[in-house]
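Trainee: My structure is below; once you've seen it, I'll send some questions.
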Amino acid sequence: MRIIPSSALGALGLLLCCSLAACSSASPPATSTSSTEQLQESASDGGDAADSGALAFPAWKPPAPQLTLHGGAVLAAPKFQLVRFASDPGAAPMKSLLQKMGSSSYWKETTGEYGVTGATALPEIALPDSPPAKIDDTEIAAWLVSQLDEKNTAGLSPVDANTVYVWAAPATTVITKGHERSCLDFDAYHRSATRSNGMHVPYIVMPRCSTPKSTSQDGLTVALSHEMIEAATDPVNGAGFDLGTTDQGFSLVNSGTEAGDLCALSANSIRPADLGAAVQRSWSNRAAAAGHDPCVPAQGTVNFGAFTDAPDHNGSHPAIKLTGGERTVKVKLFSDAPMGDFTVSARDFAASQGDAPELDVEFADGSKMAKGKNGDVFELTITARGRPSFDGASVVVLESVSSDRKSEHLWGALVVH
């Protein structure tokens, strides 16, 4: 779907990291159950720990959600056409990326498992008009439909089931979606317009924000790669590959439900040699199911983190139901290769966003932070504190941070109370 601006994307991580730093001066991290107890529990729970007495990596595979088709289809061979204003020279990085993407190993790895086999760049369109100072998304969609159904004075390529238009705005243009404004409430996004014959036409909108990260070449290509993947795998928003109602807690914490969204919060950009540009890593069902880093291409780092089982449901979403306003659950730590101890902090999602607290969370020793490694198990007590804000549920967040503080992993679970 959309990318929240970089300043907002960092808000959750910043708040969580600040909370983690504040917590480190309090009581020491909780200690875990013993390795023998871990192995016994893993065996009884059907976990992945080895029967030989040595822990497997990961000791248990995190129950990462899977993107699934929701009645729609993917674009098997998408064709992208850049539509820019002739007076805007800043679109050149996007043009270059569109031309190189289809033949890249990056594109194959991020989209191939979802049924996308290639991508083509159509000739760009340079509009002679003066860029608008302000335009709403409904106007962009209406312009696109008008061009395709009536006049086509812009010279758009004929549309078919695989065509995607990339509408690029200069920095002087503010894009709105109702009361929301580009660069304040959203950054790049993709949607679909509906023609008079009922045909859905996917399009990508690329605002140019006045922050160094967004106006830089890397900022543009990272955002465009994100939207290209999502436009191909979920061309009619929510009908293609999407989490849907799979796991609302996970999607809330990770800022979205599509392939690009789920890998957007962390420092997940790479620069493949065959593209020569910065692009974003994207969610892989295959890697997630194997217990490895679900964001591909792989960076060669250890995938690690913590999760808590959610045995109940809130509607169709996995959840933890509190009994008498409280419940103690197990938090399991994992890594897919040996690594040093890492810290796990537990947080109330609402409070981390600056809203009224909804939950109190603490480990068995009364702290909000634990330290351990693959196979360790902790007990976490969750207590209702305020009114739940997500359809009768709150969200508890587990943030795992490596000892060098260069890598992190976020996990979210719905809590019904």
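Trainee: Within region 251-274, track down each residue that is open to solvent by 10 Å² or more (accessible area, probe 1.4 Å) and either over 22 Å from P297 (Cβ atoms) or not aliphatic (A, V, I, L, M) (or both).
Mentor: S251, L252, N254, S255, G256, T257, S266, N268, S269, R271, P272, D274
Trainee: For region 316-324, indicate whether the set of residues that are closer than 27 Å to L243 by Cα and open to solvent by 50 Å² or more (accessible area, probe 1.4 Å) is non-empty.
Mentor: Looking through region 316-324, at least one residue is closer than 27 Å to L243 by Cα and open to solvent by 50 Å² or more (accessible area, probe 1.4 Å).
Trainee: If a residue counts only when it is within 26 Å of Q280 (Cα to Cα) and aliphatic (A, V, I, L, M), which strands (runs of 3 or more DSSP E) contained entirely in region 86-187 have at least 1 such residues?
Mentor: 125-127, 163-168, 174-177
Trainee: Go through region 342-397 and give me each residue that's surrounded by fewer than 19 Cβ atoms within 10 Å (Cβ to Cβ) and acidic (D, E).
Mentor: Selection gives D355, D360, E362, D365, E379, D391.
Trainee: If you don't mind, there's one more thing I want to ask. Kindly indicate whether any position in region 201-221 is open to solvent by 10 Å² or more (accessible area, probe 1.4 Å), modelled with pLDDT of 95 or more and out of contact with any helix residue (DSSP H, G or I) (no Cβ under 8 Å at 6 or more places or on another chain).
Mentor: No, there is no match, as no residue in region 201-221 is open to solvent by 10 Å² or more (accessible area, probe 1.4 Å), modelled with pLDDT of 95 or more and out of contact with any helix residue (DSSP H, G or I) (no Cβ under 8 Å at 6 or more places or on another chain).
Trainee: Quick one: how many residues across region 252-269 are in contact (Cβ under 8 Å) with a residue 60 or more places away in the chain and farther than 17 Å from T233 by Cα?
Mentor: Total meeting the criteria: 6.
Trainee: Among all residue pairs at least 6 apart or on different chains, which show Cβ distances below 6 Å where the first residue, located in region 129-141, is touching a residue at least 12 places away in the same chain (Cβ under 8 Å) and the second is open to solvent by 30 Å² or more (accessible area, probe 1.4 Å) and hydrophobic (A, V, I, L, M, F, W, C)?
Mentor: Qualifying pairs under 6 Å: K134/V174.
Okay, residues lined up against (1) β-branched (V, I, T); (2) surrounded by 14 or more Cβ atoms within 10 Å (Cβ to Cβ):
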{"residue": "A142", "(1), (2)": "no, no"}
{"residue": "L148", "(1), (2)": "no, yes"}
{"residue": "W167", "(1), (2)": "no, yes"}
{"residue": "T172", "(1), (2)": "yes, yes"}
{"residue": "R181", "(1), (2)": "no, yes"}
{"residue": "D187", "(1), (2)": "no, yes"}
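Trainee: Same structure again: Give the residue that is most open to solvent (accessible area, probe 1.4 Å), with candidates limited to residues of region 325-341 that are closer than 17 Å to A370 by Cβ and small (G, A, S).
Mentor: Initially, region 325-341 is screened for residues closer than 17 Å to A370 by Cβ, giving 328-335, 339-341.
If we keep only those that are small (G, A, S) too, we end up with 335, 340.
On the way: S335: 1, G340: 46 Å².
Ranking the candidates gives G340 first.
Trainee: Since L414 meets every condition but one in (1) within 23 Å of the chain's Cα centre (by Cα); (2) more than 25 Å from P58 (Cα to Cα), which condition does it not meet?
Mentor: Result: L414 passes all but (2).
Trainee: Does S407 count as open to solvent by 10 Å² or more (accessible area, probe 1.4 Å), in contact (Cβ under 8 Å) with a residue 60 or more places away in the chain, in contact with a Gly (Cβ under 6 Å, 6 or more places away or on another chain) and under 23 Å from F57 (Cβ atoms)? Full working, then the answer.
Mentor: Numbers: open to solvent by 10 Å² or more (accessible area, probe 1.4 Å): yes; in contact (Cβ under 8 Å) with a residue 60 or more places away in the chain: yes; in contact with a Gly (Cβ under 6 Å, 6 or more places away or on another chain): no; under 23 Å from F57 (Cβ atoms): yes.
No, not satisfied.
Trainee: Further, regarding this structure: Is region 65-76 home to any residue that is more than 24 Å from H292 (Cβ to Cβ), open to solvent by 40 Å² or more (accessible area, probe 1.4 Å) and among the aliphatic types (A, V, I, L, M)?
Mentor: Checked region 65-76: at least one residue is more than 24 Å from H292 (Cβ to Cβ), open to solvent by 40 Å² or more (accessible area, probe 1.4 Å) and among the aliphatic types (A, V, I, L, M).
The values are calculated or read from the model by the stated rules, or taken from the named source; none is laboratory data. Every value quoted in this text rests on a predicted model; they were computed, and no experiment measured them. Neighbour counts are summed over all protein chains in view; Cβ atoms, including those assigned to glycine, are modelled from backbone coordinates with ideal geometry. The protein model used for the area step is the full one, side chains on, heavy atoms only, and it has no ligands, DNA or RNA in it. Shrake-Rupley method; radii C 1.70, N 1.55, O 1.52, S 1.80 Å.
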